[in-house]
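Enquirer: Could you have a look at this structure, given as structure tokens, before my questions?
Derivation of every value follows stated rules applied to the coordinates shown; laboratory data play no part. Predicted, not measured: the structure shown is a model, and the values here were computed from it. FYI the Cβ positions are ideal-geometry reconstructions off the backbone, even for glycines, and counts take in every protein chain you see.
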Amino acid sequence: MKRIFPAILCFVWSGFFFLLQAPSACAYGGNLQADRYPQLVTQERFLELAQQEVHRSLVDFGEQRRHDLVLVRAPQDMRLPDGAITFQAKSRVRYGSTFPVQVQVFVDGRPYRYAVVYYVLRVYETALVAAHELRPNQAIGAGDVRTQEFPIHSREAAYVKDAAAIAGRVPARLIPADTPLEETFLQQPIAVEAGTPVSIVTRYHGITARAMGTAMQRGRIGEKIRVRSESSGRVLWGKVIDASTVEVGN
């Protein structure tokens with residue numbers, strides 16, 4: 001009797017744990033997720049759609065330079081219910097920094113969910129870079145620059161590609177070594193200093209008149225400065241044409 005009682009107790013105890021076990025998937029008719037969401041959009045499909053959207057944007061930009069598209073983060077696979085699946089991808093492509101591509105998923109024409117893919121786009125340009133530090137208002141020679149390929153930071157940036165384009169121009173600010181030269185980094189040198197005698201020119205209906213005057217401020221070619229006419233004493237605004245000429249009236 002002493003041996004039978006522990007055996008009965010073990011049998012009852014094991015049955016209790018059997019009742020606590022979670023019902024199997026079969027008890028509910030199989031895999032619920034697969035039954036309710038039988039369609040699958042893979043990660044690879046989302047990446048394909050996102051890459052197509054980036055390519056479309058580059059075509060719209062007219063971009064033909066060499067570029068690399070680097071994947072930063074990819075979405076997971078997505079399960080969908082029955083119905084016709086369509087996609088709509090959109091993005092705001094940025095050069096040189098991380099940007100998202102959103103892929104909207106529609107089922108039977110209705111928005112269902114969306115996936116987001118993150119990329120970095122590197123576009124490469126070949127142009128002039130500073131061979132060493134270039135100081136403001138110092139003349140730039142052929143040995144001060146070199147031609148090099150580099151990744152650009154902005155689609156709008158205009159880079160100097162031809163050494164002839166820097167002739168007669170000077171840095172508008174300090175340009176560190178190895179920095180690509182943008183058009184906005186360069187300017188015309190100072191052509192006229194304050195107090196310099198200048199020829200004041202005015203043109204009207206094909207007639208050119210000249211008078212002597214004095215520059216009241218320094219200026220670069222193409223800039224507007226004040227000049228004083230020697231004959232009338234009047235102060236006029238004029239555009240610097242060269243180191244000795246200022247044109248007024250236009």
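Enquirer: In whole Å, what are the Cα extents of region 44-149 along the three principal axes, biggest one first?
Expert: 70, 24, 22
Enquirer: Let me ask another. Along each principal axis of its Cα atoms, how long is region 124-187 end to end? Whole angstroms, biggest number first, please.
Expert: Projected onto its principal axes, the Cα set of region 124-187 covers 28, 20, 20 Å.
Enquirer: Counting Lys and Arg as +1 and Asp and Glu as -1, what is the net charge of the other residues whose Cβ lies under 13 Å from the Cβ of Arg92? Could you put the intermediate results ahead of the total?
Expert: On the way: positive: Arg56, Lys90, Arg94, Arg155; negative: Glu53, Asp60.
Summing Lys/Arg as +1 and Asp/Glu as -1 gives +2.
Enquirer: Can you list residues whose amide H is under 5 Å from Val192's amide H, if they're 5+ apart or on another chain and H is modeled 1.01 Å from N?
Expert: Counting only residues 5 or more places away or on other chains, the set is Gly219.
Enquirer: Also: When Lys and Arg each count +1 and Asp and Glu each count -1, what net charge do the other residues less than 14 Å away from Ala211, Cβ to Cβ, add up to? Could the numbers behind the result be given before it?
Expert: Numbers: positive: Arg203, Arg210, Arg228, Arg234; negative: Glu230, Glu247.
The answer is +2.
Enquirer: For a quick protection proxy, order the peptides 177-185, 202-210 by their average other-Cβ count within 10 Å, most packed first.
Expert: Details: 177-185: 15.4, 202-210: 9.2.
Highest mean packing first, the order is 177-185, 202-210.
Enquirer: Right, next: Mind pulling the angle between the C-alpha long axis of helix 43-61 and the longest principal axis of the chain? Nearest 10 degrees, somewhere in 0 to 90.
Expert: 20 degrees
Enquirer: Another question about this same structure. Once you have all Cα-Cα distances for region 113-158, histogram them in 10 Å bins from zero and send the whole-percent values.
Expert: Spelled out bin by bin, region 113-158 gives 20, 34, 26, 10, 7, 3 percent.
Enquirer: What's the angle, to the nearest 10 degrees (0 to 90), between helix 4-20's Cα axis and the longest principal axis of the chain?
Expert: 40 degrees
Enquirer: For log10 I(q)/I(0) by the Debye sum over Cα atoms at q = 0.08 Å⁻¹, several values are listed as (i) -0.64; (ii) -0.30; (iii) -0.55; flag the one computed from this structure.
Expert: Computed from the coordinates, log10 I(q)/I(0) by the Debye sum over Cα atoms at q = 0.08 Å⁻¹ corresponds to (i).
Enquirer: Lys and Arg at +1, Asp and Glu at -1: add these up for the other residues within a Cβ distance under 14 Å of Glu223 and post the number. Show your work: numbers first, answer last.
Expert: Values: positive: Arg169, Arg218, Arg220, Lys224, Arg226, Lys239; negative: Glu193, Asp242, Glu247.
Residues near Glu223 contribute +3 overall.
Enquirer: Here's a follow-up. Please identify the GluC sites (Glu not before Pro) of region 100-166 that satisfy two criteria: DSSP loop assignment and at most 12 other Cβ atoms within 10 Å. Which are they? Write down the numbers at each step before the final one.
Expert: Working: sites: Glu125, Glu133, Glu149, Glu156; in loops: Glu133, Glu156.
Qualifying residues, ordered by number: Glu156.
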